[in-house]
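Data first, discussion second: the structure below is written as structure tokens.
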Amino acid sequence: MLASIIDKVTQNVRLSADEAMTLVMEGDIHDLGRLALQVRRRRHGDKAFFVYNQHINYTNICQNACRFCAFSRRHGDKGAYVLSIDQVVREVQSRSSEPIRELHVVGGLNPDLPYTYYPSLVQAVKQARPEASVKAFTAVEVAFLAERGKMTPYQVLEDLRRAGLDALPGGGAEVFSPALRKQLCPEKISGEAWLNIHRIAHQAGIPSNATMLFGHVESWEDRISHLLALRNLQDQTGGFLCFIPLPYQPRNNALGAQGPDGLDIMRMMAVSRIFLDNIPHLKAYWVMTGVKTAQMALWYGADDMDGTVTEERIGHAAGAQSPKGLTRTKLVQAISQSGFAPVERDSRFRAVIC
Ligand code: SF4
């Protein structure tokens, strides 16, 4: 059985969920790595992408209390903050001498902010940095905005797009299993609702990324079902640019799970690359994996290392040990030293000429 599954991957034939489970259970780390590298090379050769980007976390006040989250605060808590639009613009302008191509904007579900804050925020950052793509608001935030504005997600997305939104980030997917969501993030929108907002975005011509938070209390069955749901949606819309498996960070949160070890991260990367035959890119998000593990992941199917980031707050609140940002030189070095060819990209993974 394992031999025929390996043969299928080599022949570029799609695996069923059962076959992916068999590969995970019976294949060793070398089988997985070799196959994922084959698939990755078929798509991208030796290229490994990165982006010159800036993260903006406009507020950490959130009405939800996801058990794995160390970023969110309640109104009035020590460390709770919300940035005015002017403050965000100043943050963006403070880096105007750098060739930033992407602004990644996400925050908590802050009930104190009016609906109009969000399109105004997008418009303001776009005006401050017209040459950069604005990748803003997870599906969870879009659902929250729809509720606040008494609108449909489609209307919210259209408003945001008119304001300058270019793409949606992939956060908030966690693990789609309804039973696990009850345990991990009971107030969060369902996996089905998350998928539906991405479907609507794709149909409206807004591309997006997808994530999965792994290495806490989920099983491999949960992981493969999550990947299958993404693959099915991608078959219908083609709107996902990239999948990002996010290793759970164990500190300062209520869940108290351990987090995945290096081998588990490599297995997850490899299976994602092999199984998601219709999502072009696989990201090793160095902030959550650490730079050295992200370098290894390039050999286990990943073709992207995200970007310069600078001032990452979410993963670091939960104990991420990585630096808070990397220079372009450091990223290029990290990729080259891993044996791959660095390619700077924009939000849509188009190569940029520096
Ligand atoms: S993960 Fe997002 S929705 Fe959940 S508590 Fe943290 S900021 Fe709020």
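Throughout, read-outs are computed from the coordinates displayed, never taken from laboratory work. What you see is a predicted model, and the numbers here were worked out from it, not measured in a lab. Neighbour counts are summed over all protein chains in view; Cβ atoms, including those assigned to glycine, are modelled from backbone coordinates with ideal geometry.
Look through the range 52-66, keep the residues that are of a type in the set (S, T, N, Q) and away from the ligand (no atom under 16 Å from the Cβ), and return whichever of them is nearest to Met1 (Cα to Cα).
Asn53
For residues in the range 81-99 being part of a loop (DSSP other than H, G, I, E, B) and out of contact with any Gly (no Cβ under 9 Å at 6 or more places or on another chain), which is nearest to the ligand (Cβ to nearest atom)?
The extreme case among them is Tyr81.
Which residues, taken from the range 165-192, are without any contact (Cβ under 8 Å) to a residue 60 or more places away in the chain, surrounded by 17 or more Cβ atoms within 10 Å (Cβ to Cβ) and of a type in the set (A, V, I, L, M, F, W, C)?
Leu165, Leu168, Ala173, Val175, Phe176, Leu180, Ile189
Just to be sure before I move on: is Leu213 among the aliphatic types (A, V, I, L, M) and either under 22 Å from Met269 (Cα atoms) or within 16 Å of the ligand (Cβ to nearest atom) (or both) in the structure I sent?
Yes, satisfied.
Return the residue satisfying two criteria in turn: it lies in the range 277-286 and is crowded, with 24+ Cβ neighbours inside 10 Å and touching a helix residue (DSSP H, G or I) at 6+ places or on another chain (Cβ under 6 Å), and of such residues it is farthest from Arg42 (Cα to Cα).
In this case the residue turns out to be Trp286.
Counting just the residues of the range 28-51 that are out of contact with any helix residue (DSSP H, G or I) (no Cβ under 6 Å at 6 or more places or on another chain) and not in a helix (DSSP H, G or I), which one comes out nearest to the ligand (Cβ to nearest atom)?
Val51
How many residues does the range 122-147 contain that are more than 14 Å from the ligand (Cβ to nearest atom) and over 19 Å from Ser347 (Cα atoms)?
1
What number goes with the only condition from (1) of a type in the set (S, T, N, Q); (2) within 13 Å of the ligand (Cβ to nearest atom); (3) farther than 17 Å from Ile61 by Cα that Thr152 does not pass?
Condition (2) is where Thr152 drops out.
So Gly79 fits all but one of (1) on the phi > 0 side of the Ramachandran plot; (2) of a type outside the set (A, V, I, L, M); (3) within 21 Å of the chain's Cα centre (by Cα); what number is the exception?
Answer for Gly79: the failing condition is (3).
Considering each residue of the range 75-101, count those that are loosely packed, with under 12 Cβ neighbours inside 10 Å and either touching a residue at least 40 places away in the same chain (Cβ under 8 Å) or of a type outside the set (S, T, N, Q) (or both), and give that number.
The number of residues fulfilling the criteria is 5.
Pull up the range 100-121, narrow it to residues that are away from the ligand (no atom under 15 Å from the Cβ) and assigned to a loop (DSSP other than H, G, I, E, B), then point me to the one that is nearest to Ala80 (Cα to Cα).
Pro114
Take Trp220 and decide whether it is away from the ligand (no atom under 16 Å from the Cβ) and either closer than 19 Å to Leu233 by Cβ or aromatic (Phe, Trp, Tyr) (or both).
yes
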